[in-house]
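Reading through the structure tokens given below for one structure.
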Amino acid sequence: MKKRVDGSIKNKIPLCVPHIGKEDLMYIQHALKSNWVSSVGPDVERFESVVARESGRAFAVATVNGTSALHLAFLAMGLGPGDEVLVPTLTFIASINPIRYTGAWPIFMDAEPSFFQMDVAKTAEFLKNNCRRDGRSLINKSSGRRVRAIVPVHILGHPVDMDPLMVLARRYGLTVIEDAAEALGSVYRGRRVGSLGDMGCFSFNGNKIITTGAGGMVVTDNPEWAERIRYYSTQARCSSREDFIHDDIGFNYRLSNLQAVLGLAQMARFTHFLKRKHAIAKSYRESLKNIAGLRCIEDAPWCCSNSWLSAVCLAGEKPIPKLSVVRAHLALRGIESRPLWKPIHRQRPYRRCETYRLEWADWLHDRVLCLPSSVGLTWSDQRRVIASLKESVREAAQ
Ligand SMILES: *Cc1c(COP(=O)(O)O)cnc(C)c1O
């Protein structure tokens, strides 16, 4: 670590930044020369088929970001005012906001403490004890509203336990929309994340495993949903481009060709990106095991996470170091780290929403620390993170 004259630190290590290389520049230059820069152009469809293939799906529709991908998925399944959706509270707020865009309401489920994902057993319990059937509908006994969908969010890239979740969804007639924004390339029992529910949504924001600057994608095997998503993403145009006929209120949610080109360049190196993420996670695990007050996160035995963001849990043997103290210690050494999101049921727009037996979400929020995990993180920088973390855990625990 070097200090500049003004006292600021040189060689800061960011949490997770994009990996832009020569190839990206070449692809973009080519697109600029072709004049296909906006939301019409050959590369959007090319990018869609690459992501469809990667996620094991028949159809993919590209969108301006992951939030709009989720919004369109909810519209396609016909989610609307008064409907309810089961979601984890420990997630980024973009998993939840699009539910409200449609007029539907979230019901917040807990996270399980091993892998931090939506607790499927508690979700099952909620459905069994707190809902009743009314014809083909499932009614939430306390609100009287119709429960329509489950949104498992594969946080940090680690898959939710999807098999039991899908059994529940089929038993109760619920649609499953995976928020796979962080999880492109993760594998659950041999199957790609995004292909496990009825629809899957990805994000290509700057901090995700691949980036298009901003971008998103919905993937599905249902041709009607794919068609509807495409239609709503392009101003609900109901016929050819030449005549301006629109039979509903649509959105301007289509990804631009210029962004799609960046996506293609990034996907060309995706295998390498995945390898790097796995290697970073492995190095953290190997270097940080057997440290009092600190637990590394393993993959569940039934999956292979894309290891988008590596994390440690400050727990175990006492005294347990305080997260804010460890973060401050790392920040002083030029290392960026981040806690998990403040659970959504504590955020102002959602404070009055229903929750079910939340026991771990806040606990995890207080103890989990995300560590620098950029594809371009060098081994010498990672060593610096590891050494500083060990030192700060020792200090913070005293
Ligand atoms: C990034 C992210 C989103 C939203 O994606 P944007 O492209 O930023 O709109 C949704 N859900 C989760 C879990 C995310 O991490």
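The values are calculated or read from the model by the stated rules, or taken from the named source; none is laboratory data. Computed from a predicted structure; not experimentally measured. When we count neighbours, we look across all protein chains shown, and the Cβ atoms used for this are built from the backbone with ideal geometry, even at glycine. Just so you know, the surface numbers come from the protein's heavy atoms only, side chains and all, with ligands and any DNA or RNA stripped out. Shrake-Rupley method; radii C 1.70, N 1.55, O 1.52, S 1.80 Å.
Bridging of Lys122 to lysines at a Cα separation below 22 Å is possible for Lys141, Lys342, once same-chain residues fewer than 8 apart are set aside. Report for region 177-233 the percent antiparallel among DSSP-assigned beta bridges with both residues inside it, nearest 5. The antiparallel fraction comes to roughly 70 percent. Considering only Ala60, Ala311, Ala121, give the residue with the highest GNM mean-square fluctuation for the chain, with springs between Cα atoms whenever their separation is below 10 Å. Answer for the Gaussian network model of the chain: Ala121. A Gaussian network model of the chain, with springs between Cα atoms under 10 Å, assigns the largest mean-square fluctuation among Met109, Met217, Met26 to Met26. For the chain, what is the accessible area per residue in Å², given a 1.4 Å probe and the full set of protein chains? Solvent-accessible surface per residue comes out at 44 Å². Applied to region 119-135, the Karplus parametrisation 6.51 cos²θ - 1.76 cosθ + 1.60 on θ = phi - 60° returns per-residue 3J(HN,Hα) values of 7, 6, 5, 5, 4, 4, 4, 4, 5, 6, 8, 10, 10, 9, 8, 9, x Hz, with x for Gly and Pro. Protection proxy ranking of 250-259, 40-49, by the mean of other Cβ atoms within 10 Å over each peptide's residues and highest first, is 250-259, 40-49.
Relative to one another, the C-alpha centroids of region 29-52 and region 332-377 are positioned 36 Å apart. Straight-line reach only, C-alpha to C-alpha below 27 angstrom: list the lysines that Lys33 could link to, leaving out same-chain residues fewer than 8 apart. List returned: Lys22.
Given the options Ser337, Ser38, Ser239, state which has the largest fluctuation in a GNM of the chain using a 10 Å cut-off (strictly under) for Cα springs. Most flexible of the set in this elastic network: Ser239.
Counting other Cβ atoms within 10 Å, which trypsin sites (Lys or Arg not before Pro) in region 296-369 have at most 15 and lie in a DSSP loop? Here the sparse-neighbourhood loop sites are Lys322, Arg351, Arg352, Arg357.
Computing the accessible area with a 1.4 Å probe over protein heavy atoms, can you report the carbon and sulfur percentage for the chain?
51
For region 1-110, a crude dipole built from +1 on the beta carbon of Lys and Arg and -1 on the beta carbon of Asp and Glu, taken about the Cα centre, is about 760 debye to the nearest 20. Contact order, relative form, for the chain: 23 percent (alpha carbon pairs under 8 Å, 6 or more residues apart, mean separation divided by residue count).
Most simply put, the chain has about 65% antiparallel DSSP beta bridges, counting only bridges with both residues inside it. Each peptide in 193-200, 127-134, 204-211 gets a packing score, the mean of other Cβ atoms within 10 Å over its residues, and the list from highest to lowest is 193-200, 204-211, 127-134. Considering helices alone, the calculated mean residue ellipticity of the chain at 222 nm is -11000 deg cm²/dmol, with DSSP H runs of length four and up weighted by -39500 (n - 2.57) and normalised per residue.
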